[in-house]
Amino acid sequence: MAILPIRTYPDPILAQKSAPVTEFDDSVSKIVEDMKQTMQNAPGIGLAAVQVGIAKRILIFDAGQAAQREDEGEGEGEHNQDQEQEKPSNIVVCINPVITSAQGSVVSENEGCLSVPELRANVTRSACVRAKAFDENGAPFDLDLEGMAAIVFQHELDHLEGVLFLERISRLKRDLYKRRVRKWQKDV
């Protein structure tokens, strides 16, 4: 297992649509294990393979942490790693995930992203989603998600489509962030 570097905006791979997984072999298991270790090391509760430079339709999220954050009223994305963990980790692996239905609307307050550092914003998401996916062994399963788990799932699924949450915020906030990134790049 390895902790992989997380790609950040404006890395072009983040705008790339991820390819479906066609073979469920040891290489997929290794990607999943590396993603788990990377996510647990980072201050986030979800991770898409493309965020670690692998353009495959694989995402993971920690349903236990999503429930804890929902209880605490925190947004998706970064959090304080020093907080005591009240709920056990429950990492869900989704390969080739597809939303089959979505209902309602909710504002994900203070949403953040490991690939878009130092930006938090409100994002409108579906309140409840039903999805289907495969586990790392190729077994199909269904998901019924609501609340924070639904928000995190949609956020990570956007990554597989080459969409950053940056594209779901106001144009003004997006432009300000892009200017800040250009300044950071000049300063480096």
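The values are calculated or read from the model by the stated rules, or taken from the named source; none is laboratory data. Just so it is clear, the structure is predicted and the values come from calculations on it, not from any experiment. FYI the Cβ positions are ideal-geometry reconstructions off the backbone, even for glycines, and counts take in every protein chain you see.
Quick look at the values:
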| quantity | calculated |
| --- | --- |
| Matching residues, the stretch 134-154, being assigned to a helix (DSSP H, G or I), of a type in the set (A, V, I, L, M) and more than 14 Å from Ile99 (Cα to Cα) | Met148 |
| Criterion: part of a helix (DSSP H, G or I), of a type in the set (S, T, N, Q), at pLDDT 95 or above and under 14 Å from the mean Cα position of the chain (by Cα) - qualifying residue of Gln51, Gln65 | Gln51 |
| Residue pairs meeting the criteria (Cβ under 7 Å; at least 6 apart or on separate chains; first under 17 Å from Phe24 (Cβ atoms) and of a type in the set (S, T, N, Q), in the stretch 91-105; second in a strand (DSSP E or B) and modelled with pLDDT of 95 or more) | Asn96/Ala133; Asn96/Phe134 |
| Options Leu157, Leu166: the member that is within 19 Å of Lys56 (Cα to Cα) and either of a type in the set (Val, Ile, Thr) or assigned to a helix (DSSP H, G or I) (or both) | Leu157 |
| Condition check for Gln185: among the polar types (S, T, N, Q), out of contact with any Leu (no Cβ under 6 Å at 6 or more places or on another chain), assigned to a helix (DSSP H, G or I) and surrounded by 18 or more Cβ atoms within 10 Å (Cβ to Cβ) | no |
| Any hit, the stretch 151-169, residues being at pLDDT 95 or above, of a type in the set (Gly, Ala, Ser) and surrounded by fewer than 11 Cβ atoms within 10 Å (Cβ to Cβ) | no |
| Of all residues making up the stretch 1-30, the number that are without any contact (Cβ under 8 Å) to a residue 40 or more places away in the chain, more than 20 Å from Gly112 (Cα to Cα) and out of contact with any helix residue (DSSP H, G or I) (no Cβ under 6 Å at 6 or more places or on another chain) | 7 |
| Test for Gln16: is it surrounded by 21 or more Cβ atoms within 10 Å (Cβ to Cβ) and under 28 Å from Lys186 (Cα atoms) | no |
| Residue within the stretch 16-28 that is of a type in the set (Gly, Ala, Ser) and assigned to a loop (DSSP other than H, G, I, E, B) present | yes |
| Among residues of the stretch 20-37, those that are loosely packed, with under 13 Cβ neighbours inside 10 Å and either among the acidic types (Asp, Glu) or in contact with a strand residue (DSSP E or B) (Cβ under 6 Å, 6 or more places away or on another chain) (or both), counted | 4 |
| Condition check for Thr8: assigned to a loop (DSSP other than H, G, I, E, B), at pLDDT 95 or above and touching a Ser or Thr at 6+ places or on another chain (Cβ under 6 Å) | yes |
